[in-house]
Amino acid sequence: MILNLMPYRASYPILKLVYSAAANAAHYRDFDKASLFITKAEVSRSTIMKKFRPRARGRSYSIKKTMCHITIVLNIVKKSK
């Protein structure tokens, strides 16, 4: 897959997610993994985790770490005769 070659930090977790979606489709719906393709990939914003980092003189600095939800939709390639 092309995700193996991309230099981005998030490409490996997305690759694992695609493999997991294909494995779920093969296990629960009895689909062939080779005939699946991605029709929709969506990333939506989730909760924000808030932390505080201690600073000098008793002050604090807030850290906001955003999370996200990733949705992958797979379909089957219909073979034409």
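The values are calculated or read from the model by the stated rules, or taken from the named source; none is laboratory data. Since the model is a prediction, treat every value here as computed from it, not as a measurement. When we count neighbours, we look across all protein chains shown, and the Cβ atoms used for this are built from the backbone with ideal geometry, even at glycine.
Selection of the stretch 22-42 for residues being aromatic (Phe, Trp, Tyr) and assigned to a strand (DSSP E or B) yields only PHE37. Pairs are defined by a Cβ separation below 6 Å, a sequence spacing of at least 6 or placement on different chains, a first member in the stretch 13-28 that is under 14 Å from ILE76 (Cα atoms), and a second member that is at pLDDT below 95 and part of a helix (DSSP H, G or I); the pairs so defined are ALA22/LYS33; ALA26/LYS33. Scanning the stretch 43-81 for residues being in contact (Cβ under 8 Å) with a residue 24 or more places away in the chain, assigned to a strand (DSSP E or B) and surrounded by 10 or more Cβ atoms within 10 Å (Cβ to Cβ) gives a total of 10. The sole residue among ALA25, ALA10, ALA34 that is loosely packed, with under 10 Cβ neighbours inside 10 Å and either among the aliphatic types (A, V, I, L, M) or modelled with pLDDT under 95 (or both) is ALA34. Sort out which residues of the stretch 29-42 are in contact (Cβ under 8 Å) with a residue 40 or more places away in the chain and of a type in the set (A, V, I, L, M), and write them in order of number. The answer is LEU36, and nothing else.
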